[in-house]
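> Take this structure first; my questions come after.
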There are 2 protein chains.
Amino acid sequence: MLRISKLTDYATLLLTHMARAPQQVYSARGLAEQAALPLPVAAKLLKLLAREGLLVSQRGAAGGYVLARAPQRISMAQILAAVEGPLAVTECALGRGVCEMEKGCATRPHWQLIGHALQVALEAVSLADMVAPKAAPVRLQRLER
Amino acid sequence: MLRISKLTDYATLLLTHMARAPQQVYSARGLAEQAALPLPVAAKLLKLLAREGLLVSQRGAAGGYVLARAPQRISMAQILAAVEGPLAVTECALGRGVCEMEKGCATRPHWQLIGHALQVALEAVSLADMVAPKAAPVRLQRLER
DNA sequence: GTTAAATAGGACTGTACAGGTTCTATATAG
DNA sequence: CTATATAGAACCTGTACAGTCCTATTTAAC
Ligand code: FES
Ligand code: FES
């Protein structure tokens, strides 16, 4: 559990493919075939990613999508945020005031900490890392106290 | 997004309360009141946690639940696994053979890495940490390469 | 200017699963 | 024996995810 949604997974498929030849213009149709996704699904995702600023779109005939910036500068955290919205491990993790028992809640700061660790992990992996043959350079360590 | 389920959140509420006085026996009714949860929900969760080995149950009158081990030895990873099942960030992250395009998939190992970082983060925080006033000692760092 | 090809944006739908309830069986203290 | 507790399963329900479809709008090419 604690899964990312399928849509996010699909999005990374599309983006990693584009990352192999950035600056190139890709049509929704072509990308859908490449990723073996139904066209409507791919199209929907691409529109979303463009709206969120990860892709630049070109309308009209011979149009398509291009990565908005270099693959090194697109993190998994950004992709996830674009597709699923802001990262929030628990309901009341973000948004001060959402939870009524906010003050005096002892578990809250610790959840935030876990959330933060996750955030860093996702930020540390870029699209470029995802297409690299080697594992990405992230490591998490426990500090003694 | 990337939320833990409400149930998991509830479970930590129950467990953290028990962690403040371990070895004590708690009834489902009492815990439900404490956590301001509907009794059926709390009861269901407690049964589950007992089945998963995080709690020891005592049936009959004057029965109830006790933490199966010291709060230091119960990690958030275990709680999450108990409630939501094994951690798997993506569909094909765990279970070799689930995904057909497994071999030759470049994104897979990197997802696994992210999953692993998350796993470590969750293992690093214990139930004892959750009731402690200070933030838990976890830190994630990006390695240069 | 017309046409064809592409994205933009939204409405719509089906469905799987989390979240929650209820009921019956079983164990145990007193 | 009875009251009190958990065990376990069946069941219901709402919602959010996953997926489709339709109607603009933009632009290249002829
Ligand atoms: S802040 Fe919402 S339960 Fe702690
Ligand atoms: S292993 Fe399933 S898509 Fe890569």
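The values are calculated or read from the model by the stated rules, or taken from the named source; none is laboratory data. On a predicted model such as this, the values are computed, not experimentally measured, just so you know. Neighbour counts run over all protein chains shown; Cβ positions are idealised from the backbone, glycine included. With ligands, DNA and RNA removed, areas are computed over all heavy atoms of the protein, side chains included. Shrake-Rupley method; radii C 1.70, N 1.55, O 1.52, S 1.80 Å.
> Of the peptides B:45-57, A:57-69, B:16-28, B:73-85, how do they stack up when ordered by the mean number of other Cβ atoms within 10 Å, highest first?
Working: B:45-57: 17.8, A:57-69: 13.6, B:16-28: 16.1, B:73-85: 19.4.
Ranking, from highest mean packing down: B:73-85, B:45-57, B:16-28, A:57-69.
> How large is Rg/Rh for the range A:6-131, to two decimals, with Cα atoms and a Kirkwood Rh?
Values: Rg = 17.3 Å, Rh = 15.9 Å.
That ratio is 1.09, to two decimals.
> Right, next: Of the heavy-atom accessible surface of the range B:6-131 (probe 1.4 angstrom), what whole percent is carbon and sulfur? Mind showing how you got there, number by number?
Details: 3380 of 6230 Å².
Roughly 54 percent of what the probe reaches on the range B:6-131 is carbon or sulfur.
> Here is a follow-up. Shielding of B:3-12 by partners, i.e. mean partner chain Cβ atoms within 10 Å per residue? Don't jump to the answer; show the numbers that get you there.
Numbers: counts 9, 10, 3, 2, 0, 4, 7, 0, 0, 4.
Shielding by partners across B:3-12 averages 4.
> Turning to a different aspect of this structure: Where the label is 7 Å out from Cα toward Cβ, how close does A:GLY63 come to the same position in every other copy, in nm, shortest first?
6.6
> Please compute, for peptide A:118-127, the average count of beta-carbon atoms on other protein chains lying within 10 Å of each residue's beta-carbon. Walk me through the numbers before you get to the answer.
Values: counts 7, 2, 6, 10, 4, 2, 7, 6, 1, 2.
Mean shielding count: 5.
> Another question, if that's okay. Give the calculated FRET efficiency between A:ARG69 and B:GLN58 to the nearest 0.05, with a Förster radius of 51 Å applied to their Cβ-Cβ distance.
Working: r = 60 Å, r/R0 = 1.17.
After rounding, the FRET efficiency stands at 0.30.
> With the label 7 angstrom out along Cα to Cβ, how close does A:SER5 come to the same site in each of the other copies, in nm, nearest first?
Counterpart label points of A:SER5 in the remaining copies fall at 1.8 nm.
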